[in-house]
1. Find which of Gly69, Gly12, Phe47 sits farthest along the positive direction of the dipole of region 7-71, computed with +1 on the beta-carbon of Lys and Arg, -1 on that of Asp and Glu, about the Cα centre.
2. Report the relative contact order of region 23-103, percent, no decimals, based on alpha-carbon pairs under 8 angstrom and at least 6 residues apart.
3. In whole Hz, with x marking every Gly and Pro, tabulate ³J(HN,Hα) for region 104-113 from phi via Karplus 6.51 cos²θ - 1.76 cosθ + 1.60, θ = phi - 60°.
4. Given Cα pairs under 8 Å that are at least 6 residues apart, what percent is the relative contact order of the chain?
5. Could you give the size of the charge dipole of region 83-152 about its Cα centre, using +1 on the Cβ of each K and R and -1 on the Cβ of each D and E, expressed in debye and rounded to the nearest 20?
6. What's the magnitude of the charge dipole for the chain around its Cα centre, counting Lys and Arg as +1 and Asp and Glu as -1 at the beta-carbon? Answer in Debye, nearest 20.
7. Could you give me the ³J(HN,Hα) list for region 138-145, computed from phi with Karplus coefficients 6.51, -1.76, 1.60 and θ = phi - 60°, whole Hz, x at Gly and Pro?
Amino acid sequence: MQKIIPNLWFDGNAKEAAEYYLSVFKDAKMINTTYYPSTEAEGLADFQKDFAGKVLTVEFEVLGMRFIGINAGPMFKFNEAISLMIPCKDQAEIDYYWNALTANGGEESVCGWLKDKYGLSWQVCPENWEELSKKPGAFKKMMGMKKFIIADF
């Protein structure tokens with residue numbers, strides 16, 4: 001069993017986000033869904049009343065790694081302080097993940113970084129990026145790219 005499971009905070013759309021990730025990552029799967037209690041008597045706090053009976057968590061697996069998405073309100077948002085790296089075997093795989101994760105409201109950044117439509121940060125890079133980064137002028141090239149273009153190294 002995976003010893004550390006990232007828990008991703010969503011504002012009421014954790015199931016939608018998990019289904020999106022399942023559509024992007026071909027081997028992904030839904031593992032479990034839990035629900036908020038339906039009444040205050042079952043333990044809901046005042047601030048949770050809007051969530052009564054709705055999805056609390058979704059557990060899903062992407063590329064062999066488990067995640068939990070929690071519906072917990074608008075108090076916290078994703079930022080670039082943490083990102084998920086996808087080491088890609090070739091340019092076609094980079095293009096696939098880049099296009100899929102920036103679609104429908106995702107945002108490109110620099111140096112292989114992007115945010116998906118839920119605001120989660122990703123790094124889509126060649127699996128040999130460390131080797132490529134040692135080439136003369138590579139750092140400057142990397143910082144000038146949004147999506148990595150392997151042939152440009």
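Where a number appears in this text, it was derived from the coordinates with a stated rule and is not lab data. Given the structure is predicted, the values throughout are model-derived calculations rather than measurements. Neighbour counts are summed over all protein chains in view; Cβ atoms, including those assigned to glycine, are modelled from backbone coordinates with ideal geometry.
1. Gly69
2. About 27 percent, as a whole number.
3. Whole-Hz 3J(HN,Hα) from phi for region 104-113: 6, x, x, 10, 6, 10, 10, 6, x, 8.
4. Details: 273 pairs, mean separation 31.3, N = 153.
Over the chain, the number comes to 20 percent.
5. So the magnitude is around 240 debye.
6. On the way: 17 positive and 21 negative charges, 84 e Å.
Charge dipole of the chain: 400 debye, to the nearest 20.
7. 5, 4, 4, 5, 4, 5, x, 9
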